[in-house]
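The values are calculated or read from the model by the stated rules, or taken from the named source; none is laboratory data. All values derive from a computational prediction rather than experimental measurement. We place every Cβ from the backbone using ideal geometry, glycine too, and count neighbours over all the protein chains shown.
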Ligand code: UDP
């Protein structure tokens, strides 16, 4: 048996690779273009079951070749990070649209079970929290770049569901809610690695807006367990699932927890959204998943709370510093 993980050198992908190696006897193909993925995310692996293929999901031929060699596909390759998506709209859209189409086309030829990563961003700025999978989506105008990401991910979902409906592809979609943990990079604006770096450097923590917006931070290890179980549960196929910690945290509280847990004396500052993302930026205020469906289908509940997440991130960063200094 061979597991293919597109985006396997990325943050979530590399944790999924760890999980599959630990839980199964499968060989693993990592397919990644190393744009936002990093070989450092795989450095800890010393396993001859892992094969790394450098490739772009927009290239249908190399995707097909990788899918042909696999018995299950986890499609996690995507352009991610609000900052990245806002700054590079064209390549982000092409990766998130054509990439998923290529993976599903290839998987449909062989009937290979496939997981498609989607995002809580598809709910847009809907105020009706918590979000259930069948809720309406509230997406802003096409002139606001951010919503291109939400729209591309929603198109990926439509495509996945259509493949299930029309050609019986065993496919399942997971909507990720702010997945965080060790190895996540702060380069694309993600808040937890950014705050932890700032606190450890003694720099001010940059809370955007008034900081009352909330997010449901989910430990990556809880997320990859859900991804694996969903993909290997036949009754989940042809369906969409929220994957996220139901308990929300405001960004102000998050900043305070990071300062406490790092023992930093860094200040907390507030920065207007326009200063960071330009005019016309829109921000979902609250984002909370209803995970009833996930719990009922695979018996999932998150194991890690916010403090455990932050301790893991801080510890992993300190270990990395020690390795770099050595
Ligand atoms: N954020 C912040 N300071 C930062 C980076 C992000 O206050 O340095 C906020 C951001 O505006 C959002 C939340 O933290 O409200 C989560 O941001 P992230 O980019 O991690 O994920 P998003 O939920 O926006 O996809």
| message | Checking the structure you have, find out if any residue of the stretch 209-220 is under 16 Å from the mean Cα position of the chain (by Cα), within 12 Å of the ligand (Cβ to nearest atom), under 30 Å from residue 1 (Cα atoms) and assigned to a loop (DSSP other than H, G, I, E, B). | response | no
| query | Within the stretch 3-27, how many residues are assigned to a strand (DSSP E or B) and under 21 Å from residue 243 (Cβ atoms)? | reply | 4
| field | Subset of the stretch 269-298 that is touching a helix residue (DSSP H, G or I) at 6+ places or on another chain (Cβ under 7 Å) and assigned to a helix (DSSP H, G or I) - its residue that is nearest to the ligand (Cβ to nearest atom) | value | 277
| request: Could you look through the stretch 194-205, keep only residues that are in contact with a helix residue (DSSP H, G or I) (Cβ under 7 Å, 6 or more places away or on another chain) and buried (at least 18 other Cβ atoms within 10 Å of the Cβ), and pick out the one that is farthest from residue 248 (Cα to Cα)? | output: 199
| message | Tell me yes or no: at least one residue of the stretch 76-84 is more than 16 Å from the ligand (Cβ to nearest atom) and surrounded by fewer than 24 Cβ atoms within 10 Å (Cβ to Cβ). | response | no
| query | Going by the structure shown, is residue 105 closer than 20 Å to residue 285 by Cα and more than 15 Å from the ligand (Cβ to nearest atom)? | reply | no
| message | surrounded by 19 or more Cβ atoms within 10 Å (Cβ to Cβ) and either within 15 Å of the ligand (Cβ to nearest atom) or under 21 Å from residue 213 (Cα atoms) (or both): which single residue out of 255, 236, 266 fits that description? | response | 255
| message | Considering only residues that are part of a loop (DSSP other than H, G, I, E, B) and either at pLDDT below 95 or near the ligand (Cβ under 8 Å from one of its atoms) (or both), which ones fall in the stretch 186-205? | response | 186, 187, 188, 189, 190
| request: With respect to residue 188, determine if the residue is within 24 Å of residue 286 (Cβ to Cβ), crowded, with 22+ Cβ neighbours inside 10 Å and touching a residue at least 12 places away in the same chain (Cβ under 8 Å). | output: no
| field | Residue that is surrounded by the fewest Cβ atoms within 10 Å (Cβ to Cβ) [pool: residues in the stretch 138-153 that are out of contact with any strand residue (DSSP E or B) (no Cβ under 8 Å at 6 or more places or on another chain) and more than 17 Å from residue 278 (Cα to Cα)] | value | 151
| task | Quick one: in the stretch 127-137, of everything that is under 17 Å from residue 215 (Cβ atoms) and in contact with a strand residue (DSSP E or B) (Cβ under 8 Å, 6 or more places away or on another chain), which residue is modelled with the lowest pLDDT? | result | 127
| So which of 234, 297 is under 18 Å from residue 118 (Cβ atoms) and in contact (Cβ under 8 Å) with a residue 40 or more places away in the chain? | 297
| request: Quick one: which helices (runs of 4 or more DSSP H) lie wholly within the stretch 40-136 and hold at least 1 residues that are within 30 Å of residue 297 (Cα to Cα)? | output: 60-68, 89-110
| request: Could you list all residues from the stretch 172-184 that are assigned to a loop (DSSP other than H, G, I, E, B), within 11 Å of the ligand (Cβ to nearest atom) and closer than 22 Å to residue 319 by Cα? | output: 184
| request: Could you please give the count of residues in the stretch 154-181 that are on the phi > 0 side of the Ramachandran plot and surrounded by fewer than 19 Cβ atoms within 10 Å (Cβ to Cβ)? | output: 1
| query | Can you name the residue in the stretch 108-137 that is more than 30 Å from residue 55 (Cβ to Cβ) and more than 16 Å from the ligand (Cβ to nearest atom) and, of all such residues, is surrounded by the most Cβ atoms within 10 Å (Cβ to Cβ)? | reply | 133
| remark: Filtering the stretch 57-75 for residues that are free of Cβ contacts under 8 Å to residues at least 40 places away in the same chain and crowded, with 16+ Cβ neighbours inside 10 Å leaves a count of 1
| task | Look at residue 152 and say whether it is modelled with pLDDT of 95 or more, within 16 Å of the ligand (Cβ to nearest atom) and not in a strand (DSSP E or B). | result | yes
